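Only one structure is covered here, and it is reproduced in the block below.
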Amino acid sequence: MSEHYDDLETRSPQAREAALFSRLPSVLEAALATPGYGAHLAGIEPAAVQDRAALARLPILRKADMPALQQAALPFGGFTAAPLGSFGRLFTSPGPIFEPEGIGADPWSTARGLFAAGFRQSDVVLNTFGYHLTPGGFIMDSAARALGCPVIPAGPGNTEQQMEVIAAYRPSAYLGTPDFLKILIEAADARGVDISCIRRAVVSGAAFPPSLQEWVRGRGIDAYQLYATADIGLIAYETAARDGMILNEDLIVEIVRPGTGDPVAEGEVGEIVVTNLDPHHPQIRLAVGDLTAILPGVSACGRTGSRIKGWMGRADQTAKVKGMFVRPEQVAEIARRHAEIAKLRLVIGRTDELDTMTLRAEIYAEPAGLIDAMSSTLQQVTKLKGAVEVLPLGALPNDGKVIADERPVG
């Protein structure tokens, strides 16, 4: 059985680079025909963009700006080159950011990441990513089914019913956040349910620190990390070599100095910028807000694509908590709904291998029920539960931060 998904993974780096940039001009032409990119990329000559130096001269499009751009021209801000009827599913992610799904067996190009993790035809897969409005569940579902894997569309939560379907279908593989995998294992232990059928996993959407990796490995599960976004699909994936994450084929990935579009030297930490080659939904120099660094050389697994260290934090104050993005604009909305609040800081932490949120608020006064009301607002706005702490005026640092991600990196 082949160790690689296809021959693209083992072509020479020079052949890959030439193939990517030979296709880029036609994608740029399609982008320029859209109202959004027509304005954003005004004046460029697609045929002249034939290498990374030329690409680096194009302006950055920041994911953080997409909510406002889309609201100005619903639903996609004029950045798609195809009508709604040409897409498969239509999603929304927190922000909100609206995303279309392409047509085909693996529209998010994620199957090769599952293949690298050992997923094979007829593996029964428990998919615990969400299927409601956000694309995560469908990204993984379509990838697994493209490999010939039956999928249990479990979604997150509801551990009692999860135990029932595991007992009935005996899945061999898990898809979901690392946090929820730990929750499932502990729930099974507490109920005396045997879930040893799950032998492999692909996890994404949350930090997977070495301590949790070791814990999962100790339960007999071979777990791999996958880095994907709702706008791009699969960006990078881990292989059996465990020596970084391989960049997906058909993407041009740059690492730039945060706040600029200037590429950094190999090994230097910077912001991930992605250009895809989809003429229907082009993404040209999309700055996704995550930090990483390119690793030197090629992987010991035989794949010749460039490697990144993995997720190394955020270039802005946006944070991903339990697979959901939490943005500064959402913290501002919480403050707007409660006149008693003078200043807010949302602190992201990690306790017992699970993400936590604590909303720390300087307040002018504390009427009865304020903490409960703020807790409710926090959940309504972010779709996540968190604790609330009220503080006297002047207690929070004067450093401009509204989201403080205090989780360990790595």
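The values are calculated or read from the model by the stated rules, or taken from the named source; none is laboratory data. These numbers were taken from a predicted model, which means no experiment stands behind them. Counting neighbours? That spans all protein chains shown, and the Cβs are built from the backbone with ideal geometry, glycine included.
Looking at region 257-277, is at least one residue out of contact with any strand residue (DSSP E or B) (no Cβ under 7 Å at 6 or more places or on another chain), farther than 27 Å from Asp399 by Cα, assigned to a loop (DSSP other than H, G, I, E, B) and in contact (Cβ under 8 Å) with a residue 12 or more places away in the chain? So far as region 257-277 goes, yes, one or more of its residues are out of contact with any strand residue (DSSP E or B) (no Cβ under 7 Å at 6 or more places or on another chain), farther than 27 Å from Asp399 by Cα, assigned to a loop (DSSP other than H, G, I, E, B) and in contact (Cβ under 8 Å) with a residue 12 or more places away in the chain.
Across region 282-310, the qualifying residues are those that are touching a Ser or Thr at 6+ places or on another chain (Cβ under 8 Å) and β-branched (Val, Ile, Thr), and the one among them that is farthest from Leu41 (Cα to Cα) is Val298. Ile341 meets each of the listed conditions (1) within 28 Å of Tyr227 (Cβ to Cβ); (2) buried (at least 18 other Cβ atoms within 10 Å of the Cβ); (3) of a type in the set (Val, Ile, Thr) apart from (1). No other residue among Ile185, Ile166 is touching a Cys at 6+ places or on another chain (Cβ under 8 Å) and in a helix (DSSP H, G or I) apart from Ile166. If the condition is being of a type outside the set (S, T, N, Q), within 15 Å of the chain's Cα centre (by Cα) and either modelled with pLDDT under 95 or closer than 16 Å to Pro282 by Cα (or both), then region 102-121 contributes only Trp108.
Identify the residue in region 41-63 that is outside any loop (DSSP other than H, G, I, E, B) and free of Cβ contacts under 8 Å to residues at least 60 places away in the same chain and, among all such residues, is surrounded by the fewest Cβ atoms within 10 Å (Cβ to Cβ).
First, the residues of region 41-63 that are outside any loop (DSSP other than H, G, I, E, B): 46-48, 52-55, 61-63.
Going one step further and asking which of them are free of Cβ contacts under 8 Å to residues at least 60 places away in the same chain, we end up with 46-48, 53-54.
Working: Pro46: 16, Ala47: 11, Ala48: 11, Ala53: 9, Ala54: 14.
The selected residue is Ala53.
Scanning region 189-209 for residues that are surrounded by 17 or more Cβ atoms within 10 Å (Cβ to Cβ) and of a type in the set (S, T, N, Q) returns a single hit, Ser204.
Within region 27-40, the set of residues being closer than 15 Å to Leu55 by Cα and crowded, with 20+ Cβ neighbours inside 10 Å comprises Val27, Leu28, Ala31, Leu32, Tyr37, His40.
Every residue, every condition in (1) modelled with pLDDT of 95 or more; (2) outside the structural domain of Phe87 (by TED's automatic domain parsing), yes or no:
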residue	(1), (2)
Glu238	yes, no
Arg242	yes, no
Val256	no, yes
Ala265	no, yes
Val269	no, yes
Val274	yes, yes
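Condition check ((1) surrounded by fewer than 15 Cβ atoms within 10 Å (Cβ to Cβ); (2) basic (Lys, Arg); (3) at pLDDT 95 or above) across all residues:
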residue	(1), (2), (3)
Val331	no, no, no
Ile348	no, no, yes
Glu353	no, no, no
Ser375	no, no, yes
Lys383	no, yes, no
Gly386	no, no, yes
Pro397	yes, no, no
Pro408	yes, no, no
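Just the residues that are part of a helix (DSSP H, G or I), more than 21 Å from Ile198 (Cα to Cα) and touching a residue at least 40 places away in the same chain (Cβ under 8 Å), please, taken from region 84-141. Give the steps one after another, and end with the answer.
First pass over region 84-141, keeping only residues part of a helix (DSSP H, G or I): 84-86, 111-116, 136-141.
Those left that are additionally more than 21 Å from Ile198 (Cα to Cα): 84-86.
Residue satisfying the conditions is Ser86 alone.
Considering region 160-188, and only residues there that are among the polar types (S, T, N, Q) and surrounded by fewer than 20 Cβ atoms within 10 Å (Cβ to Cβ), the residue that is farthest from Gln121 (Cα to Cα) turns out to be Gln161. Looking across region 13-37, the residues that are in contact (Cβ under 8 Å) with a residue 12 or more places away in the chain, small (Gly, Ala, Ser) and touching a helix residue (DSSP H, G or I) at 6+ places or on another chain (Cβ under 9 Å) come down to Ser26, Ala30, Ala31, Gly36. When Gly157, Gly220, Gly205 are checked against the criterion of being out of contact with any strand residue (DSSP E or B) (no Cβ under 9 Å at 6 or more places or on another chain) and either of a type in the set (Ser, Thr, Tyr) or modelled with pLDDT under 95 (or both), a single residue qualifies: Gly157.
So Val253 ticks every box in (1) in a strand (DSSP E or B); (2) over 27 Å from Ser2 (Cα atoms); (3) not polar (S, T, N, Q) but one. Which box is left unticked? Failing condition for Val253: (2). Among the numbered conditions (1) in contact (Cβ under 8 Å) with a residue 60 or more places away in the chain; (2) within 30 Å of Val193 (Cβ to Cβ); (3) of a type in the set (A, V, I, L, M), the only one that Ala287 does not meet is (2). In summary, strands (runs of 3 or more DSSP E) completely within region 320-410 and bearing 2 or more residues that are of a type in the set (S, T, N, Q) occur at 354-363.
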